[in-house]
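Chemist: Have a look at this one before I ask anything.
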Amino acid sequence: MKMLLVRKFRVLILMVFLVACTMHIMIDLLPRLERRGPESRPGCSCPPPAAAAPRWPGKHTLRILQDFSAEPASNLSSQSREAAERAAERAASGGAAAAAGRARRLIGPGAPRPPPPARSAAPLAALFQHPLYRAALPPLADGDLLFNVNSDIRFNPRAAEQPEWQNEDHHEEFLPTGETSIDSYPNWLKFHIGINRYELYSRDNPAIEALLQDLVSQKITSVAMKSGGTQLKLIMTFQNYGQALFKPMKQTREQETPPDFFYFSDYERHNAEIAAFHLDRQVEWICIKRKGEVLILDFRRVPPVAGRLVNMTREIRDVTRDKKLWRTFFISPANNICFYGECSYYCSTEHALCGKPDQIEGSLAAFLPDLSLAKRKTWRNPWRRSYHKRKKAEWEVDPDYCEEVKQTPPYDSGTRILDIMDMTVFDFLMGNMDRHHYETFEKFGNETFIIHLDNGRGFGKYSHDELSILVPLNQCCRIRKSTYLRLQLLAKEEYKLSLLMKESLLKDKIAPILYQPHLEAMDRRLRIVLKAVSDCIEKDGYDNVVENDFNTGADTVTTER
């Protein structure tokens, strides 16, 4: 009798297991079948359904405009596990970028530029007035915008909170009289709809400064660990439904990467993410009582990043629903709050992140638009390192490696090889050896910029210049004229790169960001880059090395004042 009961119990457990597996498979498959629609079903000649009336997406749809794929593994479009888990919720909504109506551009370089400040002896004001930093982009067509958005759609937080709200007829005005619909958009959404073929954001986009303030001040409502990372990163959601990637502080400003560390096991530094953003972007300055903008490298290919002091108890532990993260919190012998999360490296009690007593600083990087609305293509960097303790990559042993690269798509045409050179200079100035992949927006094909993601392993050593980072430039001997002239300008004493970076970084809430020797190392590395370009010009000639990328009539710009 006892044996019979045991057998029946085993059969029951097996049946429950099979039912659970079946339900799990159905949950995974149903959203894919729904997304296919009648036009993709074989044998169906029905016309596709008419476009649905424009409506604002629900709470979960607001989040599909965001993602951050930092560690892609193939040449396919980047996918994140978190995005896949929310696929069913996203499938039903059209998203903000697909809104009906005539598309027109809301934010970006198409808007008239403010008049330049008056002539001043101040270095920052003088740099702002320099022709190199006032060149306009080509006129933008609809195909040059990442999103074509109906400007009549209003952002209604009540509809975001309650999905059923959008299906009812409500004529309540959320905005004060006189404001336009775009004023209702949160700053992270203004950032997303300002992305175009040439840049992540325009020089004059006021939403960027506002977004940086949001990253520092918005209430954190949810925290979860980013899956698949080698080191701990947290996804933070704010009260306005924006999201950002949080990298906590692991090293003090003056600490260098230990000499015995391989580049692939180095710490990811929060201050490196902040400094990379300031090096890449334009910064708003106030000089001689006049407001202007100073562009350092003027790439604008790094998403907005800001430093923030976070309360680990109130803003992480108390709001997270991630049980795995919550279980790693503990109180240290010094009565400080600590946690370590789950990841491949440095996630253990011995490498715990501890507050003082529960305050910890870190970087917050704004998410890019979600992959379901703006697919990104992931490319393997041709000069990717071997990520092996003993093996070397092909480019490290073949001095003619660049010739092979230039015969391979997409490097055989367009500007992609010049984009790689820009990225090379950017990484060398920071000392970043960890550029294994890069991404582009699929919509723009190969004629677009490279997104400079994941810069946390920069600024690790100020006493050493890693010359192997410059190998792409030395092998290919190609560089944009605009990049070359800006580098020459930043090498001048009156526009010294280290001084501009120092003043730029003072705007961050957790300044100072970089230890002074790191700033001085940037000046030293800049001279090394210019020497490498000079050697190339001496060997191959100026016209064969420096690519004129200025518009017609603008190629007379020089670094002379």
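The values are calculated or read from the model by the stated rules, or taken from the named source; none is laboratory data. Keep in mind the model is a prediction, meaning the values are calculated, not measured. Note: ideal-geometry Cβ built from the backbone for every residue, glycine included; neighbour counts use all protein chains shown. These accessible areas exclude ligands, DNA and RNA; they are computed on the full protein's heavy atoms, side chains included. Shrake-Rupley method; radii C 1.70, N 1.55, O 1.52, S 1.80 Å.
Residue-by-condition table, conditions (1) open to solvent by 40 Å² or more (accessible area, probe 1.4 Å); (2) assigned by the TED database to the domain that holds CYS338; (3) within 24 Å of LYS389 (Cα to Cα):
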residue	(1), (2), (3)
ILE208	no, yes, no
LYS219	yes, yes, no
GLY228	yes, yes, yes
LEU232	no, yes, yes
ALA244	no, yes, no
GLU268	no, yes, yes
ALA272	no, yes, no
LEU279	no, yes, no
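Chemist: Run down GLU361, GLU396 and say which single residue is out of contact with any His (no Cβ under 6 Å at 6 or more places or on another chain), among the acidic types (Asp, Glu), open to solvent by 40 Å² or more (accessible area, probe 1.4 Å) and in contact (Cβ under 8 Å) with a residue 12 or more places away in the chain.
Modeler: When all the criteria are applied, what remains is GLU396.
Chemist: Taking the range 507-530 only, how many residues are under 21 Å from LYS461 (Cα atoms) and open to solvent by 60 Å² or more (accessible area, probe 1.4 Å)?
Modeler: 6
Chemist: Next question, about the same structure. If you check LYS539 against the conditions, is it among the basic types (Lys, Arg), more than 14 Å from ALA275 (Cα to Cα) and open to solvent by 70 Å² or more (accessible area, probe 1.4 Å)?
Modeler: yes
Chemist: Moving to a separate point now. Tell me, please, whether a residue that is open to solvent by 10 Å² or more (accessible area, probe 1.4 Å), under 26 Å from ASN148 (Cβ atoms) and at pLDDT below 95 can be found in the range 409-424.
Modeler: Looking through the range 409-424, at least one residue is open to solvent by 10 Å² or more (accessible area, probe 1.4 Å), under 26 Å from ASN148 (Cβ atoms) and at pLDDT below 95.
Chemist: Does THR328 fit the bill of being β-branched (Val, Ile, Thr), in a loop (DSSP other than H, G, I, E, B), out of contact with any Asp or Glu (no Cβ under 6 Å at 6 or more places or on another chain) and in contact (Cβ under 8 Å) with a residue 60 or more places away in the chain?
Modeler: no
Chemist: Only one of ILE208, ILE182 is in a helix (DSSP H, G or I), modelled with pLDDT under 90 and not small (Gly, Ala, Ser). Can you tell me which?
Modeler: Testing whether each residue is in a helix (DSSP H, G or I), modelled with pLDDT under 90 and not small (Gly, Ala, Ser) leaves just ILE182.
Chemist: Tell me, which residue of the range 459-492 that is touching a Leu at 6+ places or on another chain (Cβ under 9 Å) and among the charged types (D, E, K, R) is farthest from ALA276 (Cα to Cα)?
Modeler: Taking the candidates together, the pick is ARG478.
Chemist: Here's another thing I want to ask about it. Which one of VAL302, VAL283 is modelled with pLDDT under 90 and open to solvent by less than 10 Å² (accessible area, probe 1.4 Å)?
Modeler: VAL283
Chemist: Name the residues in the range 373-417 that are of a type in the set (Ser, Thr, Tyr) and outside any loop (DSSP other than H, G, I, E, B), would you?
Modeler: THR378, TYR401
A quick yes/no check of all residues on (1) in a loop (DSSP other than H, G, I, E, B); (2) assigned by the TED database to the domain that holds LEU215; (3) of a type outside the set (A, V, I, L, M, F, W, C); (4) at pLDDT 95 or above:
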{"site": "CYS338", "(1), (2), (3), (4)": "no, yes, no, yes"}
{"site": "GLU342", "(1), (2), (3), (4)": "yes, yes, yes, no"}
{"site": "TYR346", "(1), (2), (3), (4)": "yes, yes, yes, no"}
{"site": "GLU361", "(1), (2), (3), (4)": "no, yes, yes, yes"}
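Chemist: For the range 238-249, enumerate the residues that are over 19 Å from LEU505 (Cβ atoms) and assigned to a loop (DSSP other than H, G, I, E, B).
Modeler: GLN239, ASN240, TYR241, GLY242
Rundown of residues vs (1) acidic (Asp, Glu); (2) surrounded by fewer than 20 Cβ atoms within 10 Å (Cβ to Cβ), yes/no style:
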residue: MET430; (1), (2): no, no
residue: GLU442; (1), (2): yes, yes
residue: ASN446; (1), (2): no, yes
residue: PHE449; (1), (2): no, no
residue: LEU453; (1), (2): no, no
